[in-house]
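Peer 1: Quick one: structure below, then a few questions.
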Amino acid sequence: MKLSTKGKYAVEAMCCLAVNCEEGPKKVRELSDKTGITEGYLEQLFFRLRKAGLLTTVRGQKGGYLLARSAGEITVGEILRAVEGELVPVVCIRDPSLCQSAMAPQCATRPVWTKLAAAIDAVADGVTLSSLAQSFPKEEVG
């Protein structure tokens, strides 16, 4: 399993928000300047993160994005799943009907993939945004 740039950037942007949102909502432009991620790309990521219930928006002159819950309640796993989908090494782990192998009925490798998927979930769900944000550089955004 390989994470795409979407996953890396989504976690980074959420860390930036966690560190800098004490003063209120942050605009995409401000977060783009801080992270170096383009505004358009952030908008795409934030659409998915908002749809997953991880971000909220505030309209108006002083509007922008805020975390939907505290940083201690949001896990890296939630962020990654919101932008990447399921975190599995092979698609048939979550849905065995997707297996295209002729060996599917007596798959000898399935236990390995299942253990690997469980380990990925355990690590990703065991790291909160607040624990990551502790080592994220704090600078004023906006």
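The values are calculated or read from the model by the stated rules, or taken from the named source; none is laboratory data. What you see is a predicted model, and the numbers here were worked out from it, not measured in a lab. Cβ: placed from backbone, ideal geometry, glycine included. Neighbour counts: every protein chain shown.
Peer 1: For region 49-68, how many residues meet the condition of being free of Cβ contacts under 8 Å to residues at least 40 places away in the same chain, farther than 15 Å from Lys27 by Cβ and surrounded by 14 or more Cβ atoms within 10 Å (Cβ to Cβ)?
Peer 2: 3
Peer 1: Which members of region 1-29 meet the condition of being at pLDDT 90 or above and polar (S, T, N, Q)?
Peer 2: Ser4, Thr5
Peer 1: Filter region 19-38 down to residues that are without any contact (Cβ under 8 Å) to a residue 12 or more places away in the chain and outside any helix (DSSP H, G or I) and give me whichever is surrounded by the fewest Cβ atoms within 10 Å (Cβ to Cβ).
Peer 2: Result: Gly36.
One line per residue, one yes/no per condition, for (1) among the aliphatic types (A, V, I, L, M); (2) more than 24 Å from Asp125 (Cβ to Cβ):
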site: Pro25; (1), (2): no, yes
site: Arg29; (1), (2): no, yes
site: Phe46; (1), (2): no, no
site: Leu54; (1), (2): yes, no
site: Gly63; (1), (2): no, yes
site: Val76; (1), (2): yes, no
site: Ala82; (1), (2): yes, no
site: Ile93; (1), (2): yes, no
site: Leu98; (1), (2): yes, no
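Peer 1: Please state which of the following conditions Thr5 fails to meet, knowing it meets all the rest: (1) within 19 Å of the chain's Cα centre (by Cα); (2) surrounded by 13 or more Cβ atoms within 10 Å (Cβ to Cβ).
Peer 2: All conditions are met except number (2).
Peer 1: A further question follows. Take the residues of region 68-104 that are assigned to a loop (DSSP other than H, G, I, E, B) and within 17 Å of Cys15 (Cα to Cα): which is nearest to the chain's Cα centre (by Cα)?
Peer 2: Across region 68-104, the extreme among qualifying residues is Ile74.
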